[in-house]
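The values are calculated or read from the model by the stated rules, or taken from the named source; none is laboratory data. These numbers were taken from a predicted model, which means no experiment stands behind them. Cβ placement follows ideal geometry from the backbone for every residue including glycine, while neighbour counts extend to all protein chains displayed. Calculation scope for accessible area: heavy atoms of the full protein, side chains included, ligands and nucleic acids excluded. Shrake-Rupley method; radii C 1.70, N 1.55, O 1.52, S 1.80 Å.
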Amino acid sequence: MQIIYKNDKLKDVCNNLKLATRKYGIDVARSLHKLISAMKDAENLKSIAELPQYRLHQLKGNRQDQYSITILNSSKYRLILYPIDENNNIMKSLDNESLMFIKCIRIQIEEVSEHYE
């Protein structure tokens, strides 16, 4: 799967273990890098959705087009992303989220956040 980042700073943290460790601590940094690697190796978003440890789910309210992935079960950190189509538009799940996950081969990572912060 192709990964696009909201900005270069986020890209650096997601791809540099040393920077991520400084920002989030070693456990979260290792889990973040493992997740990024799994997403790069995945065929589509469905491959990630099928891994229960990541608890991929759609957000609500003003984040309704975004999805959240748990970075580390024992922490409150999560990765926030948009599914992106081949024309670089945000994909909407509408009625068939499973089909959208199959078609989604590109994501845009918006942020690494502490849930409920």
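Computed quantities for the displayed model
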read-out	value
Test set (1) open to solvent by 40 Å² or more (accessible area, probe 1.4 Å); (2) closer than 15 Å to ILE109 by Cα; (3) part of a helix (DSSP H, G or I) - ILE4 fails condition number	(3)
Out of LYS34, LYS60, sole residue that is more than 12 Å from the chain's Cα centre (by Cα) and not small (Gly, Ala, Ser)	LYS60
Residues of the range 69-93 satisfying the condition of being free of Cβ contacts under 8 Å to residues at least 40 places away in the same chain, among the hydrophobic types (A, V, I, L, M, F, W, C) and farther than 17 Å from SER47 by Cβ	ILE80, ILE90
Residue in the range 67-89 that is over 11 Å from the mean Cα position of the chain (by Cα) and in a helix (DSSP H, G or I) present	no
The range 71-92 - residue that is hydrophobic (A, V, I, L, M, F, W, C) and either closer than 19 Å to LYS34 by Cα or open to solvent by 50 Å² or more (accessible area, probe 1.4 Å) (or both) and, of those, modelled with the lowest pLDDT	LEU72
Filtered residue count, the range 24-40, keeping only those that are of a type in the set (Lys, Arg) and touching a strand residue (DSSP E or B) at 6+ places or on another chain (Cβ under 8 Å)	1
Hits in the range 26-58 - residues which are surrounded by 14 or more Cβ atoms within 10 Å (Cβ to Cβ) and part of a loop (DSSP other than H, G, I, E, B)	ALA42, ASN44, LEU56
